[in-house]
Amino acid sequence: MAGDPIPLLTPYKMGKFNLAHRVVLASLTRQRSYNNVPQPHAVLYYSQRASKGGLLIAEATGVSDTAQGYPDTPGIWTKEQVEAWKPIVDAVHAKGATFFCQIWHVGRVSDSVYQPNGQAPISSTDKLLTPQIGGDGVVISQFTPPRRLRTEEIPNIVNDFRLAARNAIEAGFDGVQINGAHGYLLEQFMKDQVNDRTDEYGGSLENRCRFTLEIVEAVANEIGAERVGLKLSPFSKFGECGDSNPLELGLYMVNAVNKYGILHCQMVEPRMESEFFSHSLMPMRKAFNGTFMVTGGYDRQDGINAITENRADLIAYGRYFISNPDLPKRFAFNAPLNKYYRETFYSSDPVVGYTDYPFLE
Ligand SMILES: Cc1cc2nc3c(=O)[nH]c(=O)nc-3n(C[C@H](O)[C@H](O)[C@H](O)COP(=O)(O)O)c2cc1C
């Protein structure tokens, strides 16, 4: 092709993975894994979004029977789940893409109906989340008061993450991304608006980050740091999970995980309508030794700018990748994008809003 290559579509080496372009499928919960088991329709969904040399991150996947807070999200703690992931992973590999599993625990963002024996969800705290109300005044989700984990129970949860990572490798995934973002269990420990503990997992920044770092270390020891990524959203307030000093938190975390030599860090952009949008992650980008991936509100040109200005190595696209299975190709041709339909993001239909978005002619 004539002309300069499009920066988003240039090759990149993420550790031992040779990527052909920088357009990553972000982790996207789709709630179509009935009874927490990945389904055959996910084979088509993920393979539609796989391209030669592409990187895909699977939807958030529960590490244990206490990890869920929504209907029909997949897990990776049982043999049945591991077997169910295999054909999905194989289909992505057949297209020549790299596939990471995102491992997850919702913590208090749950209701006892999703918990074994109807027990209380677990968290760093016993503070209850307020119900989420939609624009029409209808309650979208409500939560059960969580139970604060006892200090001596914490190693069990770390171990759940370790086993989930082992299972992900057994299922054929190339690596895992630990979900330390969006108000879920790890953030409930990291952020001072939620963590009200008085043991060694609460109080100082170092103490609040201890749990996540123990998970990173355990997972890296289990499957190798070269297969481990971490997603963080220090600036997010999602799930009533804000921090009084997000920059300090983000910097502390990337410096701390440098010690383990993990492969990638994916960081969520603060959603600010300011000229500093997409520059606020620079301190973390500079401090982190591995592959730095950004996500949140990027279009084609924002992605090109971020790569050109060396603000990121990779861009993870969420909503546009839902509606454009061939997103890298559309970016290559600067083709128009399909609109996404929010109503079907989380509907459980195995086709509609899932595998029926059109490809470019
Ligand atoms: C429908 C939907 C589901 C999502 N599920 C997850 C998830 O399972 N894990 C996660 O880390 N982020 C999740 N996210 C956040 C995305 O990974 C991504 O960071 C975010 O959508 C920003 O990218 P975008 O502006 O390109 O959509 C989700 C976002 C959407 C829209």
Would you check if there is a residue in the stretch 140-159 being aliphatic (A, V, I, L, M) and at pLDDT below 95? yes
Those residues of the stretch 94-116 that are among the aliphatic types (A, V, I, L, M), closer than 20 Å to Thr78 by Cα and within 14 Å of the ligand (Cβ to nearest atom) come to a total of 2
Among the residues of the stretch 48-73, count how many are in a loop (DSSP other than H, G, I, E, B), within 16 Å of the ligand (Cβ to nearest atom) and within 13 Å of Tyr114 (Cβ to Cβ). 7
Only one of Arg342, Arg319 is within 11 Å of the ligand (Cβ to nearest atom), modelled with pLDDT of 95 or more, open to solvent by 20 Å² or more (accessible area, probe 1.4 Å) and closer than 17 Å to Gln48 by Cα. Can you tell me which? Arg319
Looking at (1) touching a Leu at 6+ places or on another chain (Cβ under 7 Å); (2) without any contact (Cβ under 8 Å) to a residue 24 or more places away in the chain; (3) of a type in the set (Lys, Arg), which one does Lys79 not meet, given that it meets all the others? (1)
Which residues, counting only those in the stretch 147-195, are away from the ligand (no atom under 16 Å from the Cβ), open to solvent by 40 Å² or more (accessible area, probe 1.4 Å) and in a loop (DSSP other than H, G, I, E, B)? Arg150, Asp192, Gln193
Any chance Phe238 is more than 16 Å from the ligand (Cβ to nearest atom), surrounded by fewer than 20 Cβ atoms within 10 Å (Cβ to Cβ), modelled with pLDDT under 95 and of a type outside the set (Ser, Thr, Tyr): no
Among (1) within 20 Å of Phe161 (Cβ to Cβ); (2) open to solvent by 10 Å² or more (accessible area, probe 1.4 Å); (3) among the hydroxyl-bearing types (Ser, Thr, Tyr), there is one condition Ser124 misses while meeting the rest; what is its number? (2)
Let me spell it out: the conditions are (1) in a loop (DSSP other than H, G, I, E, B); (2) touching a strand residue (DSSP E or B) at 6+ places or on another chain (Cβ under 8 Å); (3) touching a residue at least 40 places away in the same chain (Cβ under 8 Å), and Ser348 meets all of them except one. Which number is the exception? (2)
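The values are calculated or read from the model by the stated rules, or taken from the named source; none is laboratory data. Keep in mind the model is a prediction, meaning the values are calculated, not measured. Cβ sites come from the backbone with ideal geometry, for glycine too, and all protein chains shown count toward neighbours. What goes into the accessible areas is simple: the full protein's heavy atoms, side chains included, and nothing from ligands, DNA or RNA. Shrake-Rupley method; radii C 1.70, N 1.55, O 1.52, S 1.80 Å.
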